[in-house]
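Peer 1: One structure follows; several queries about it will come next.
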Amino acid sequence: MCGLDGVKLAEGSPRATVTIIRTGTFSDPRYGTFEITRDMLLSMVRNFDSHAYGQDIFIDVAHAPNDGAAAKILSLKVDGNRLRADVEFTPYGVAAVKDRGFVYLSAEFVDNFVDNETKQPHGPTLLGAGLTTRPVIKRMDPVTLAEGTANTPVFLHPELIRQLSESLEQTTMNWLETLRANLRAMKLSEETIKSICAAYEAAAKNLGEDAEAHKGLVDQLTATGKTLAEAGHNGPVTLNITAPAGKMLSEADITKLLDEREAARVAAATKLATDKAAKVKLFSDAIAAAAGLSEDTRKTLGENVDGLITGDMTDAQVTALAANQIALGNQIEASRKLAEQGFPIRSGVTHITVDDGNAIRKLSEDVRKGLQQTNEAFNGKLVFAEPDKQSPFVKRMLAEFDREHAQQLHQEAKMLAGGPVNTGDMNIPASVQRAVIEQVYQRLDVLQLVNAAVDPTTGPTHSVPYETRDTSAVRNGGIVYEGQPIHRAGIAQAMDYAYIEPRKLAMELTNEAAYFSRNSSIINFDAWARNIVSNAQVMRELVAAAIANRMLRDSDSFSVVDVAAGTAVTAYSGATNGYKVANFPVVRPYQARDLKGNAVGSAEQPVSIKDGATALVEFDGSGTQSAGKYYRWLSYNLGTFQIVDQTGAPSAPAGTVTAGYSYTTNVLKVDTDIAAGSTYEKQMNKLLQAVGARKATMSQQRYVQPDFFLASDVLTNMITDAEQFTEANSRADSSITAQGTLQPVKGIPGWATDAPGIDLGDERMLLGQRANFFYTIAKTFQTGVPYELFDSNGLALGKKGAYGEEYSSLHIPKPLRGRFTSILAYSFTNARGT
């Protein structure tokens, strides 16, 4: 809340212009220190004009909106350092100002208004204001509303009133000093002079700034003083002065004045045109008299001078302009003659420049050419796509990286263009980081399944737009008879929130390795290539695992059954101190967090593992957890976990182990055990049949056509062993290549999980519809400046450390999670132990 200036209302006028708030830094015991900036005022105007608040903005009394509106804000604008508003007062508001003394305003605003329907943030937004008697902010200029007619009020700014008053007072004082000087020259007494001057001041109030009227009054009083001086009167006098009346103009007088002014204007314009023509002739004669100029050159010099020469220029100025043009003409003639003799002369000043974009593009091409000659490229570990074949996402990411590192890339381009390059510093060149990004994302196949975007304007949280199809309200096949309500159906657009996650990766490099990876004078592209390949592989695997794991987790969360905490579990013979839950697959928990790691909201599908009455924390593998017992999941797919100590070693529980969890029903389980009288190849046919069954479920029940499946090479290899792929039993809806690669199954193409640590493991297959998983990058992956590493005693290790980071979000809006499903292939008898 911010206190504002006083408000004055004219009689009968419900409108006024008031100052709502001003810029500055203020403090208040209730709110602490706060700052109001011009950008905040501009945001309030924008949000008012766009109706971001979703309703009209009102002024109330004492911040009590339930008592009614005192005024309605009609418009907002920024005037200097103030936010001004045109408002229309209600009778309730007029009474509050005039009768109850509520003559100050107190604004109500928020720093970042978020729409409660669209969740869209709008920044600083004015919510309203209240008439009050004790504002927080003092010393605001009042808004004065002057008297006007019954229908047309007259608004005068206080500053304008002050200036007009000062001008009138100055005029009166000047003539008063003239009168006083005249009277003193006549040797009149001070009492007599004072009386005459008082008479002048009283009469001058009605004269305004009419100089002739003031002069006539002063002359009249001077003559009176002369008469008194000659009579020898030196006491006070009483004068009755009649001020000269202003002359009343008749219609004829006004017409005469207008005619005289128009005649004067025409005469002045005629004289100016005549003078300009004479100046142009003077210029043209000077150009014509110049020797050595061709007719073409004279014509060129004489063109477009009409706007350069004016009638009020002196002859000397015109002559100087002509001399300058003649000198330019001589240069043109000299250049023409040299060109005729075979000399390539360019007119003007030649300035060749190459913009940063071209320099960066050239640098990228040079680095690419160098890397393509390395062993890593020859062995297929380093692959570059042609620029015209790069994915749009990679192009946008590289463009954003180029924008952030334009200066560094431009400097590297200039160094590389100059020949030998000094790579003596230990910094990782921006061009190498750029190549790492290209290798990470150009070869990240899972990106073909997601909706990937680069948005550097994204904040810690951002909105993800999505669409859903709703035909539930349509009845009777859409047939609606006369006068009946029409059913609503169609595409609904909505927004969901996603949270940016800071993904970071640290690395270290010895000084020896850094030194021998470069030559003292030229770039060692082989060393660069090895560095790029290793960094790109690590980052690519991390991103691939993150996308695949989140995609599977959100798919599992579409349809879940919660199992209460304290539910008994059974021992799992496949691991020491291992246990298994009754229902599976278990849904991996998810907890949204801000950039500091603080939890936001409640966790989705939380897990509770207890050793007796003691709740256990999940083992994180950091090596920093205190001594005690922890749990870790061996397989979410099979519902198995293990009790371990702080080092990760198996540890026997002290009491009965229980669990609370959620398991998914958005899955089809397939038994890989060979049934009696069957064969392994026939059993693998069930996996193909499961794909068809899940496709049918999605298309018929959810109206979604899956267009990809994601599985490990182990699982796809098992599928290719199916009897269906033999020549005698082949089907048209599934096939394999001559090399044994699985072709689309049931018309659904497949992708491989080519990264470790993916929750799908070798037993899960994920099916879904592409572009429903949102991967948004706010900051592209980049490595910072290397720093020295020291041991625990503070001694240098001769190593450099560095870390790279990427800010991105992974998200599937909850209404879209039904566009994914999965298949679990496992041995009923062996996979979960005995």
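The values are calculated or read from the model by the stated rules, or taken from the named source; none is laboratory data. Computed from a prediction, not measured in an experiment: that's the story for all the values here. Note that we place each Cβ from the backbone using ideal geometry, even for glycine, and neighbour counts take in every protein chain shown.
Peer 1: Filter segment 54-65 down to residues that are at pLDDT 90 or above and surrounded by fewer than 18 Cβ atoms within 10 Å (Cβ to Cβ), then give me how many there are.
Peer 2: The total comes to 3.
Peer 1: Quick check on my filter: what residues within segment 531-563 are part of a helix (DSSP H, G or I) and among the small types (Gly, Ala, Ser)?
Peer 2: The answer is Ser534, Ala536, Ala544, Ala545, Ala546, Ala548, Ser555.
Peer 1: Note down all Cβ pairs under 7 Å where the first residue falls in segment 605-626 and is free of Cβ contacts under 8 Å to residues at least 12 places away in the same chain, the second is surrounded by 12 or more Cβ atoms within 10 Å (Cβ to Cβ), and they're at least six residues apart or on different chains.
Peer 2: Ala615/Ser608
Peer 1: Now, a different point. Sort through Lys596, Lys610 and tell me the only one that's surrounded by 12 or more Cβ atoms within 10 Å (Cβ to Cβ) and either at pLDDT below 95 or more than 28 Å from Ala711 (Cβ to Cβ) (or both).
Peer 2: Testing whether each residue is surrounded by 12 or more Cβ atoms within 10 Å (Cβ to Cβ) and either at pLDDT below 95 or more than 28 Å from Ala711 (Cβ to Cβ) (or both) leaves just Lys610.
Peer 1: A further question follows. For segment 66-103, enumerate the residues that are surrounded by 13 or more Cβ atoms within 10 Å (Cβ to Cβ), of a type outside the set (Gly, Ala, Ser) and over 36 Å from the mean Cα position of the chain (by Cα).
Peer 2: Hits for segment 66-103 are Phe89, Thr90, Tyr92, Val94, Val97, Lys98, Phe102, Val103.
Peer 1: Select from segment 653-666 the residues that are of a type in the set (A, V, I, L, M) and modelled with pLDDT of 95 or more and list them in ascending order.
Peer 2: Listed by number, the residues that qualify are Val657, Ala659.
Peer 1: What do you reckon, is Val745 out of contact with any Ser or Thr (no Cβ under 6 Å at 6 or more places or on another chain) and aliphatic (A, V, I, L, M)?
Peer 2: Answer is no for this residue.
Peer 1: Can you tell me which residue in segment 89-131 is modelled with the lowest pLDDT, limited to those that are aliphatic (A, V, I, L, M) and not in a strand (DSSP E or B)?
Peer 2: The qualifying residue modelled with the lowest pLDDT is Val103.
Peer 1: Continuing with the same structure: Exactly one condition in (1) assigned by TED's automatic domain parsing to the domain that holds Val785; (2) modelled with pLDDT of 85 or more; (3) outside any strand (DSSP E or B) is false for Glu512; which is it?
Peer 2: Tallying (1) assigned by TED's automatic domain parsing to the domain that holds Val785; (2) modelled with pLDDT of 85 or more; (3) outside any strand (DSSP E or B), Glu512 fails exactly one: (2).
Peer 1: Please indicate, with yes or no, whether at least one residue in segment 195-202 is farther than 20 Å from Gln170 by Cα, in the same structural domain as Thr171 (by TED's automatic domain parsing), out of contact with any His (no Cβ under 9 Å at 6 or more places or on another chain) and at pLDDT 80 or above. Break it down stepwise before answering.
Peer 2: If we filter segment 195-202 for residues that are farther than 20 Å from Gln170 by Cα, which is where we start, we get 195.
So of that shortlist, the ones also in the same structural domain as Thr171 (by TED's automatic domain parsing) come out as 195.
Next, only the ones that are out of contact with any His (no Cβ under 9 Å at 6 or more places or on another chain) stay: 195.
Then keep just the ones that are at pLDDT 80 or above; that gives 195.
Scanning segment 195-202, I find at least one residue that is farther than 20 Å from Gln170 by Cα, in the same structural domain as Thr171 (by TED's automatic domain parsing), out of contact with any His (no Cβ under 9 Å at 6 or more places or on another chain) and at pLDDT 80 or above, so the answer is yes.
Peer 1: Moving to a separate point now. If I filter segment 207-253 down to residues being among the acidic types (Asp, Glu) and part of a loop (DSSP other than H, G, I, E, B), which single residue comes out as modelled with the lowest pLDDT?
Peer 2: Glu209
Peer 1: Across segment 12-53, which residue is farthest from the chain's Cα centre (by Cα) among those that are assigned to a helix (DSSP H, G or I) and among the acidic types (Asp, Glu)?
Peer 2: Asp49
Peer 1: Residues Gly761, Gly794, Gly747, Gly784: which one is at pLDDT below 85 and not charged (D, E, K, R)?
Peer 2: Unique residue meeting the criteria: Gly784.
Peer 1: Out of the residues in segment 673-688 that are over 19 Å from Phe709 (Cα atoms) and of a type in the set (S, T, N, Q), state the one that is nearest to the chain's Cα centre (by Cα).
Peer 2: Gln683
Peer 1: Turning to a different aspect of this structure: Of the numbered conditions (1) over 24 Å from Ala831 (Cβ atoms); (2) not assigned by TED's automatic domain parsing to the domain that holds Val745, Val657 satisfies every one except a single condition; which is it?
Peer 2: For Val657, the exception is condition (1).
Peer 1: Being assigned to a strand (DSSP E or B) and among the small types (Gly, Ala, Ser) is the filter here, so list the residues in segment 650-704 that pass it.
Peer 2: So the first thing to find is which residues in segment 650-704 are assigned to a strand (DSSP E or B), and the list is 650, 657-664, 667-671.
Selection gives Ala659, Gly660, Ser662.
Peer 1: Keeping to segment 564-622, report how many residues are β-branched (Val, Ile, Thr) and either part of a loop (DSSP other than H, G, I, E, B) or within 21 Å of Tyr826 (Cβ to Cβ) (or both).
Peer 2: 8
Peer 1: Does at least one position in segment 726-733 carry a residue that is at pLDDT below 90, of a type in the set (Asp, Glu) and loosely packed, with under 13 Cβ neighbours inside 10 Å?
Peer 2: yes
Peer 1: Looking only at segment 368-405, which residues are part of a loop (DSSP other than H, G, I, E, B) and either surrounded by 19 or more Cβ atoms within 10 Å (Cβ to Cβ) or not polar (S, T, N, Q) (or both)?
Peer 2: Within segment 368-405, the first condition is being part of a loop (DSSP other than H, G, I, E, B), and the residues that meet it are 372-374, 379-386, 390-391, 405.
Thr374, Gly380, Lys381, Leu382, Val383, Phe384, Ala385, Glu386, His405 - these are the residues of segment 368-405 that are part of a loop (DSSP other than H, G, I, E, B) and either surrounded by 19 or more Cβ atoms within 10 Å (Cβ to Cβ) or not polar (S, T, N, Q) (or both).
Peer 1: Inspect all residues belonging to segment 449-465 and state whether any of them is in a helix (DSSP H, G or I) and under 30 Å from Pro392 (Cβ atoms).
Peer 2: Yes.
Peer 1: Another question about this same structure. Restricting the search to segment 294-312, which residues are under 30 Å from Leu272 (Cβ atoms) and surrounded by 15 or more Cβ atoms within 10 Å (Cβ to Cβ)?
Peer 2: Arg298, Thr300, Leu301, Gly302, Val305, Ile309, Gly311
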